[in-house]
Amino acid sequence: MTDKIKVLVVEDEAIIAENLRYSLDDLGFDVVATCYTYQEAVESIHRSAVDLLLLDINLQDSNKEHNGLALAKYARETIKKPFIFLTAYNDRQTIDDAIVLQPNGYLVKPVNSATLFATIQLALERYRTQSAMDGNAKANDAPDYFFVKVGSRTTKVLWDDVYYIEAGKNYVKLRSKSTRLDYPVRGSLSYVVEQLMPAGKRNDFIKINRSIILNRNYITGYDANYVYCHNDKFENGKTGLQQLVEQFKA
């Protein structure tokens, strides 16, 4: 059973906070708390296990220094978890102030569910990668995975289990050997490979035609027309054939 990602929401507008909570719940995340003030957030940080924070930049507080920027600094020093800034503003100064704190994501309200899910997924991967680079985690010990919405649940899928990736119109479809399910990820093939996939895994995947990439570790054979991977076969392209000959030459 996959554990849900635990999210702390800090938003001082009640309607927006509730909409975020409903959206996150629908996407399969676990909202551990919804906080309206800096102090409530600090207390929740100490009280609850949190995987990621959604922080409104402009909190209405009697202490003007108790805003989302200050809370991000506090959270980073206290629990060292990824955070995403939420703001109703997209002016240059607000963005510049936020960038200095190196957030793992940035969202301008109002936020739709698809954008929210994609931003959280990317934020978690960015944090994992940055932690490894900073030496806060050993690269070999870091989990190589991504999160995807399957029904009402957000599911963790290991890149080592993915043997097939195919580009569609608006989504990229990935297939895992463990479940044989097709996992849809919004975006392009290049987005999945260049931004979501860990750099250390990219050499395991071979593009056999314009829309399909296969994990070389599961390729069992090939000919001029098809590539046989895991228990499936896929149409081979000229470029793909050349790569296969080079990769698997005797």
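The values are calculated or read from the model by the stated rules, or taken from the named source; none is laboratory data. Source: prediction; values computed, not measured. Neighbour counts run over all protein chains shown; Cβ positions are idealised from the backbone, glycine included.
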Hits in the stretch 220-233 (condition: under 24 Å from Phe146 (Cα atoms) and buried (at least 17 other Cβ atoms within 10 Å of the Cβ)): Cys229, His230
Scan of the stretch 9-44 for residues that are touching a helix residue (DSSP H, G or I) at 6+ places or on another chain (Cβ under 6 Å), of a type in the set (A, V, I, L, M) and within 18 Å of Gly105 (Cβ to Cβ), ordered by number: Val9, Val10, Leu27, Val31, Ala41
Enumerated strands (runs of 3 or more DSSP E) restricted to the stretch 101-212, each holding at least 1 residues that are at pLDDT 80 or above and among the acidic types (Asp, Glu): 162-167, 182-186
Among the residues listed as Tyr228, Tyr191, Tyr218, the single one being in contact with a Ser or Thr (Cβ under 6 Å, 6 or more places away or on another chain) and hydroxyl-bearing (Ser, Thr, Tyr): Tyr228
Residues of the stretch 53-75 classified as in a loop (DSSP other than H, G, I, E, B) and either of a type outside the set (Val, Ile, Thr) or not assigned by TED's automatic domain parsing to the domain that holds Thr119 (or both), total: 10
Ile84, sole failed condition from (1) touching a helix residue (DSSP H, G or I) at 6+ places or on another chain (Cβ under 8 Å); (2) surrounded by fewer than 18 Cβ atoms within 10 Å (Cβ to Cβ); (3) over 15 Å from Asp12 (Cα atoms): (2)
Subset of the stretch 3-20 (residues that are surrounded by fewer than 20 Cβ atoms within 10 Å (Cβ to Cβ), under 12 Å from Tyr36 (Cβ atoms) and of a type outside the set (Gly, Ala, Ser)): Asp12, Glu13, Ile15, Ile16, Glu18
Hits in the stretch 5-56 - residues which are farther than 17 Å from Phe83 by Cα, among the charged types (D, E, K, R) and under 22 Å from the mean Cα position of the chain (by Cα): Asp25, Asp26
Residue, farthest from Ala75 (Cα to Cα), within the stretch 15-52, restricted to residues that are in a loop (DSSP other than H, G, I, E, B) and among the polar types (S, T, N, Q): Thr37
Index of the failed condition, Asn217 passing every other in (1) surrounded by fewer than 16 Cβ atoms within 10 Å (Cβ to Cβ); (2) of a type outside the set (Gly, Ala, Ser); (3) at pLDDT 85 or above; (4) in a strand (DSSP E or B): (4)
Residue match in the stretch 48-61 (condition: acidic (Asp, Glu), over 22 Å from Lys4 (Cβ atoms) and free of Cβ contacts under 8 Å to residues at least 12 places away in the same chain): no
Qualifying residue in the stretch 55-76 (condition: within 23 Å of Tyr22 (Cβ to Cβ), polar (S, T, N, Q) and modelled with pLDDT under 90): yes
